[in-house]
Amino acid sequence: MRAFFLPYIEAALQKAGIETDKEIQIEKPTDKKFGDFSTNIAFLLAKEAKRNPRELASQLIGLLSFPEGTVTKTEVAGPGFINFHLDQVFVMRSASAVLRQGEAFGCTESGKGQKAIVEYVSANPTGPLTIGRGRGGVLGDCIANLLETQGYEVTREYYFNDAGRQMQILAESVRFRYLEKCGREIEFPTTHYQGDYISDIAETLFIEHGDELAATDELTLFKETAEGIIFSSIRKTLERLSITHDKFFNEHTLYQSREGEPSRNQQVIDALEAKGFIGRYDGATWFMTTKLGQEKDKVLIKSSGDPSYRLPDIAYHVTKFERGFDLMVNVFGADHIDEYPDVLEALKILGYDASKVKIAINQFVTTTVGGQTVKMSTRKGNADLLDDLIDDVGADATRLFFIMRGKDSHLNFDVELAKKQSKDNPVFYLQYAHARICSLVRMAEKEVGFDETAATGEGLPLLSSEPEIDLASALLDFPDLIQASLRLLEPQKMVEYLHTVAERYHKFYQECPILKADESIRAARMELSLAVRQVLRNGFRILGISAPESM
RNA sequence: ACCCUUGUAGCUCAGUGGAUAGAGCACCAGUUUCCUAAACUGUUGGUCGGCAGUUCGAGUCUGCCCAAGGGUACCA
């Protein structure tokens, strides 16, 4: 709907001879008496032109003209707002677009022909997924869904490392537990993975091999068995939440030379060196960020000869550019926040357009038990597991639990409270509206021979009561909300919006009889209901929650 | 010590420099001979962490202070 106003406002500005680079903001006023939409453009221009905002607004209104039957009233209000009142018939007529476009309502082709990659979850296979990881996983999945509505060809990627020190410790942990199974007295180190799943993996090995592995120090089998079992558990958990990935990218491939060519890590070093940003001292290789005004250089290759995490991170991003992605979204927890400036700087030096990389940081999930905050750690084995949460509240409520809050909120999680409140999860409020409509449609088919396929939306302009207009007007906001969610990488906006739609539907349902109304009104209200169902479905698909036919 | 994020109702959280700061939960009082009561209606509840500043206008921007979480490694 915002898109509807822009050309007319621009035309009015042109007539007034005003040129500006200010963005024309179209807002929904807080109070309906201020109209359906408003703009504060007069304030912005008044500041530039040193004119009175109210007077400038009046001038613009004189120059504004909309097509017949769209905007009924345009007025100056307060210190200089321009408020627009929409024609009710226009609103209802516009709402028929929902039925015409169906699943495509809200979609655009602005990303058509462009490739996007969204990287999320990216947990190393050292243990089952924690609740904290779930947050990033759901966030990333929703962002990928949003991009798909805009026509992007989206790749969902999981980046992991199965060769680092963490994996070494994991393998050792399994081996210690295995030796215990073999009857050895072992003092299990506190530095190693404490979780019960380690014993389970050791048990698997013991059943398969007996104690024949006890004699060797060779860790490969321990590592590979652990990795296999853990990865399959991770995938299973993600699957339960409908989180999928197209590609699992192994960090280790960046270390390997390919067909006579140097490794990707080495290529990054060479390229940075050619630009004069490589220094070698103290036995290590450094990214000379001091040349960029930073206090210290950053290590790329440690004096041990192993790359630090920064080098493969840069090399990994280079592969994204080489793979031809036009938009790259990385979803990370807050612990990675300071790492990205360096990667972006390196990419810029190497000649890549770093503005194509977008970062979505989600704040941590902290856990409260009995009012006390507990630090969660996979290593300590005291983390709340994502699987347990799904067991307790279900997949839909779990997904919504994460995205009903902004990604910047420091989510404080109380398992007991979450279980107790699962019935109050807003997901059911949204789904109930959908189920109610489905039930209504079933009833209408049975009682009055309603034919869904014949509903075109032509009858909608017959409707004129306040709940009906409010509802239709909310439906028209859906495309704007997709844009806003995507721009901010914040699916929470969509949740809030769908809540408004559901709320207005419930209100409409309460106040407007449908099946009992006269035939033409009944048909129109059925059409409005179908349009709501469509918007809810389209929204649910973005959020990755199911649309139940009955509850 | 420095950097990032956050601080809004009893609780969990929305709030794009705009108009009288909102929602859900909880609490209290109502609504069904009638399409799903997982709903709807109403009431209660606020020094927007604190102080100063910027301007027509600040919960929103700036500075300082306080508090919480995270980060400042040749860990990832």
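Once both labels are positioned 7 Å from their Cα atoms along Cα-to-Cβ, the gap between A:GLU75 and A:GLU273 label points is 7.3 nm. Full extension of the chain segment joining A:ARG184 with A:ALA334 gains 49.9 nm, where the gain is 0.36 nm per residue of separation less the Cα-Cα distance.
Placing a label point 7 Å from the Cα of A:LEU63 along the Cα-to-Cβ direction, the residues of region A:13-33 whose backbone N falls under 17 Å of that point are A:13-25. Taking every protein chain into account, the accessible area of region A:423-543 amounts to 43 square angstrom per residue (probe 1.4 Å).
Restricting attention to region A:423-543, the count of lysine pairs at 8 or more positions apart or across chains with alpha carbons under 24 Å apart stands at 5.
Measuring how big region A:330-471 is from its alpha-carbon positions, Rg and Dmax come out at 23.5, 69 Å.
Among A:72-78, A:529-535, A:460-466, the peptide with the highest mean count of other Cβ atoms within 10 Å heads the list, and the full ranking is A:529-535, A:460-466, A:72-78. Taking only protein heavy atoms and a 1.4 Å probe, the accessible area of chain A is 48% carbon and sulfur. With semi-axes defined as the square roots of five times the eigenvalues of the C-alpha gyration tensor, the equivalent ellipsoid of region A:423-543 measures 26, 15, 13 Å, largest first.
Simple spin-label estimate for A:THR30 and A:ALA517 gives 3.2 nm between the two label positions (7 Å along the Cα-to-Cβ direction from each Cα). Fully extending the segment from A:SER303 to A:ALA215 would add 28.4 nm, taking 0.36 nm per residue of separation and subtracting the current Cα-Cα distance. Computed from label points 7 Å out along Cα-Cβ, the spacing between A:LYS47 and A:PHE364 is 3.8 nm.
A:TYR152 contributes an accessible area of around 50 Å² to the protein surface, as traced by a 1.4 Å probe with all chains present.
When the residues A:ARG156, A:ARG264, A:ARG379 are ordered by accessible surface, computed with a 1.4 Å probe over the protein chains alone, the sequence from largest down reads A:ARG379, A:ARG264, A:ARG156.
Computed over region A:412-461, the convex hull of the alpha-carbon atoms projects to a mean area of 6.0 nm².
At a Förster distance of 35 Å, what's the computed FRET efficiency of A:GLU458 paired with A:GLU153, Cβ-Cβ distance as r, to 0.05? Kindly include the intermediate steps, with their values, before the conclusion.
On the way: r = 36 Å, r/R0 = 1.03.
It comes to 0.45.
Here is how the number arises for chain A: DSSP H runs of 4 or more residues each give -39500 (n - 2.57), the sum is divided by the residue count, and the result at 222 nm is -15500 deg cm²/dmol.
Averaged across orientations, what area in nm² does the convex hull of the alpha carbons in chain A project? Answer in nm², one decimal: 34.1. Accessible area per residue for region A:2-86 is 57 Å², calculated with a 1.4 Å probe on protein heavy atoms, without ligands, DNA or RNA. Figure note: A:MET167, A:MET288 ranked by solvent-accessible area, largest first, 1.4 Å probe, ligands and nucleic acids not counted: A:MET288, A:MET167. Take every pair of alpha-carbon atoms less than 8 Å apart whose residues are at least six positions apart; their mean separation over the length of region A:423-543 yields a relative contact order of 40 percent. Compared with the alpha-carbon gap, the fully stretched path from A:ASP424 to A:GLU322 is longer by 32.0 nm at 0.36 nm per residue. Applying 1/(1 + (r/R0)^6) with r as the Cβ-Cβ distance of A:LYS291 and A:ARG258 and R0 = 30 angstrom yields a FRET efficiency of 0.50.
Remark: for residue pairs A:LYS247/A:LYS356; A:LYS22/A:LYS348; A:LYS358/A:LYS407, the C-alpha separation exceeds 24 Å in A:LYS22/A:LYS348.
The values are calculated or read from the model by the stated rules, or taken from the named source; none is laboratory data. Given the structure is predicted, the values throughout are model-derived calculations rather than measurements. Please note: Cβ atoms are built from the backbone with ideal geometry, for glycine as well, and neighbour counts cover all protein chains shown. Ligands, DNA and RNA are stripped out before the accessible areas are found, and what is left, the full protein with its side chains, is counted by its heavy atoms. Shrake-Rupley method; radii C 1.70, N 1.55, O 1.52, S 1.80 Å.
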